[in-house]
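Chemist: First, the structure itself, so that you have it in front of you.
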Amino acid sequence: MTKFYYNFVIIIILILTVSIVCMNSLFTMYIRAQGKLFNFVAVGDLDCTSNSNQTIYNIMDKDPEIFLALGDIYYDCSPDEFKRTFSSLIDIFYLTLGNHDSWSEFAGLYHLPNDRPYYSFDKENVHFLSMSTESDLERNSSQYQFIETDLDIASQNSSIGWIVVLAHRPFITSAANNILEKENLIVYPPLFAKYGVDVVIQAHVHNYQRTFPILFDNKSNPMIVTTNTTINEGSGLV
């Protein structure tokens with residue numbers, strides 16, 4: 001009887017394990033079928049050297065659905081070199097202008113509008129806002145008004161679960177010599193916090209940095225919400 005009970009328990013556990021694995025697999029398949037899962041890459045200061053080509057090969061190996069270029073992707077490349085380097089990414093390429101990029105050469109290309117160097121778009125339940133740190137950033141500027149209106153609308157859209165801001169020059173960085181390059185940048189983090197921005201992806205400083213989730217009670221005093229490195233919606237801006 002004991003042996004039968006033992007075997008019965010093992011069989012039940014095996015059935016439960018298989019059921020859980022199958023349910024997870026089916027759930028993932030269901031989510032994918034609903035179009036809610038996608039992957040994207042974000043790269044700044046890329047240029048078009050042999051190292052850039054290797055980076056692009058690594059990116060394409062991940063089969064991304066969106067490529068976010070966060071500025072300074074041009075540097076000393078000729079237009080033809082640039083087009084050859086990024087030809088395989090043309091359909092998924094979203095450009096954010098950097099200080100080495102020319103607006104006149106990119107207007108209307110790579111999802112940039114013809115009339116302004118800032119824009120936004122949605123992918124499934126994620127809202128992306130690409131701003132130009134090389135354009136007028138003051139509170140009375142057209143860009144500021146666009147950003148505030150755009151974030152306000154996105155924050156009230158029940159179908160949007162994540163808001164991601166893309167920028168070239170950093171709002172916050174441990175490289176102190178870069179933070180004051182554009183003094184008007186400091187007005188934006190409180191605006192992001194107000195409208196529930198989840199992640200800001202920035203470039204310009206040639207190393208990898210990441211904050212904890214933070215909130216802003218004033219422009220010079222970010223408050224760490226948690227030291228948990230997982231991005232949790234509603235728990236601060238990373």
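Chemist: Within segment 112-123, is even one residue farther than 23 Å from VAL197 by Cα, of a type in the set (S, T, N, Q), in contact (Cβ under 8 Å) with a residue 60 or more places away in the chain and open to solvent by 30 Å² or more (accessible area, probe 1.4 Å)?
Modeler: No, because not a single residue in segment 112-123 is farther than 23 Å from VAL197 by Cα, of a type in the set (S, T, N, Q), in contact (Cβ under 8 Å) with a residue 60 or more places away in the chain and open to solvent by 30 Å² or more (accessible area, probe 1.4 Å).
Chemist: OK, next. Quick one: THR96 ticks every box in (1) in contact (Cβ under 8 Å) with a residue 60 or more places away in the chain; (2) open to solvent by 70 Å² or more (accessible area, probe 1.4 Å); (3) not aromatic (Phe, Trp, Tyr) bar one, so which box is it?
Modeler: THR96 satisfies all of (1) in contact (Cβ under 8 Å) with a residue 60 or more places away in the chain; (2) open to solvent by 70 Å² or more (accessible area, probe 1.4 Å); (3) not aromatic (Phe, Trp, Tyr) except (2).
Chemist: Within segment 130-159, track down each residue that is of a type outside the set (S, T, N, Q), more than 20 Å from the chain's Cα centre (by Cα) and surrounded by fewer than 14 Cβ atoms within 10 Å (Cβ to Cβ).
Modeler: Those that are of a type outside the set (S, T, N, Q), more than 20 Å from the chain's Cα centre (by Cα) and surrounded by fewer than 14 Cβ atoms within 10 Å (Cβ to Cβ): ASP136, GLU138, ARG139.
The values are calculated or read from the model by the stated rules, or taken from the named source; none is laboratory data. Everything quoted here is computed from the prediction, not taken from an experiment. Here Cβ is always computed from backbone atoms with ideal geometry, including for glycine, and neighbour counts include all displayed protein chains. Side chains are part of the model used for accessible areas, which takes the heavy atoms of the whole protein and leaves out ligands, DNA and RNA. Shrake-Rupley method; radii C 1.70, N 1.55, O 1.52, S 1.80 Å.
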